[in-house]
Amino acid sequence: MAPALPRLLVTRRLPKEVETRLAKAYRAELNADDQPMSEAEILDAARDKDALLITPMDRSFATGIIAKLPASVKIVATFSVGYEHVDIAAARERNIAVTNTPDVLTNATADIALLLILGAARGAYWGERMVREDRWTSWSPTAPLGFDVSGKRLGILGMGRIGQAVAKRAQAFEMELHYHNRRPVAPDLAYGARYHAALDQMLPHCDFLSVNCASTPETRGLVNEKLIAKLPDGAIIVNSARGDIIDDDALIAGLTSGKLAAAGLDVFRNEPRIDPRYRSLDNVFLLPHLGSATRDTRIAMGMRAADNLDAFFAGRRPADLLT
Ligand code: DGY
């Protein structure tokens, strides 16, 4: 008799191709109506499971749920590259493997960073609104006007895979590139960007600052009042990494005082319940965490998570093991 398939809980609906694969290889409990699950619901559903496939919105994995999981759960695969929502130390303590989905979303997320740069600099938000609301009365030589991107200086905060892909794209826009990272990257991965070992040294060179680092205890709140003060007047900040890297009070103060010309945000602290003040600012370009939100990329992320689960249950080391 063939061994029973591992039992898997999937906390959100995934692309059809991914669910079909999971349903063949696992006794999978899928989330057909895509309702986010509470901690209690996850714990209840996890009772008879060997594996959990979660998303960055399952924040209880950072705040205590891991200690309460049944002993049957041996692996948690997150459908994301970021894993600040999983307490890795707690998982290690319980000998639960944790995996993520790097690489496959690099290009899509870097594309969104460029969309934020262009959207914030060129006033895409108010431009689109003028057309939609039928308030576009005439082409005008003087208003409304945005800011050039070409020839401007871009500082990349965090030069991992996504930061590098942002640099590659920004090079095509003829931007002068700078980056800050814990360590310099190999020259062929820097796309001509100049390395600054100290973040403070890079800031005066940033007409644009693109946040591309992971959310960690060291980076949470890093983009604060002091940092913003060191940027050139009229700088533009874009964030396609994690919302909690930005201090919302400081960013909103910079945007309303005129210190900052604009911002482009795809991610927010406590999303989707974002700081409501952003909604009334005309110099912010806002997106609902679309970084990896393309069909191809979401399928690739699901397949990557499934590869990790398959490897684990075949007794192999998953490629993206974090524990
Ligand atoms: C990730 O994978 O961490 C992304 O934020 C999801 O879009």
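Relative contact order (percent) for region 133-292, with alpha-carbon contacts under 8 angstrom and 6 or more residues of separation?
17 percent
Among 230-242, 248-260, 131-143, 274-286, how do they line up by average Cβ neighbours within 10 Å per residue, starting with the highest?
By packing density, highest mean first, the sequence is 230-242, 248-260, 274-286, 131-143.
Rounded to the nearest 0.05, what FRET efficiency do K230 and L281 have when you use their Cβ-Cβ distance and R0 = 22 Å?
0.50
Give me the number: length gained by fully extending R13 to A314, i.e. 0.36 nm times residue separation minus the C-alpha to C-alpha distance, one decimal in nm.
105.9 nm
Which listed residue (G158, I246, L115) has the Cα farthest towards the positive end of the charge dipole for the chain, taking +1 on Lys and Arg C-beta and -1 on Asp and Glu C-beta about the Cα centre?
In the chain, that residue is G158.
Excluding Y26 itself, what net charge comes from residues whose Cβ is under 10 Å from its Cβ, given Lys and Arg +1 and Asp and Glu -1?
+2
With +1 assigned to the C-beta of every Lys and Arg and -1 to the C-beta of every Asp and Glu, and no other charges, what is the dipole magnitude of region 1-114 about the Cα centre in debye, to the nearest 20?
Magnitude of the dipole: close to 400 debye.
Take A143, project a point 7 Å from its Cα along the Cβ direction, then tell me which residues of region 223-264 have their backbone nitrogen under 19 Å from it.
258, 261-262
May I ask you to compute the full-extension gain from R47 to R94, defined as 0.36 nm times their residue separation minus their alpha-carbon distance, rounded to one decimal in nm?
Result for the pair: 15.4 nm of gain on full extension.
Considering only the other residues whose Cβ falls under 10 Å of the Cβ of R220, what net charge follows from Lys and Arg at +1 and Asp and Glu at -1?
-2
Determine, from the Cβ-Cβ distance of Q171 and M1 and an R0 of 51 Å, the FRET efficiency 1/(1 + (r/R0)^6), rounded to the nearest 0.05.
About 0.30, to the nearest 0.05.
Grab the eigenvalues of the alpha-carbon gyration tensor for the chain, scale each by 5, take roots, and send me the semi-axes largest first in whole angstrom.
Over the Cα atoms of the chain, the ellipsoid semi-axes are 39, 21, 18 Å.
Percent relative contact order of the chain, based on C-alpha pairs within less than 8 angstrom and at least six residues apart?
It comes to 18 percent, rounded to a whole number.
Between beta-carbons, use under 14 Å as the cut-off and find the net charge around L255, counting Lys and Arg +1, Asp and Glu -1.
The answer is -4.
With a probe of 1.4 Å, find how much accessible area region 47-139 has per residue, and write the answer as a whole number in Å².
For region 47-139, the solvent-accessible area averages 46 Å² per residue.
Probe radius 1.4 Å, ligands and nucleic acids ignored: give me the carbon and sulfur share of the accessible area of region 106-286 as a rounded percent.
Answer for region 106-286 is 53 percent, counting heavy atoms of protein chains only.
The values are calculated or read from the model by the stated rules, or taken from the named source; none is laboratory data. This structure is a prediction, so every number in the text was calculated from the model and none was measured. Here the Cβ is made from the backbone with ideal geometry for all residues, glycine too, and neighbour counts use every protein chain on show. Heavy atoms of the whole protein, side chains included, go into the accessibility calculation; ligands, DNA and RNA do not. Shrake-Rupley method; radii C 1.70, N 1.55, O 1.52, S 1.80 Å.
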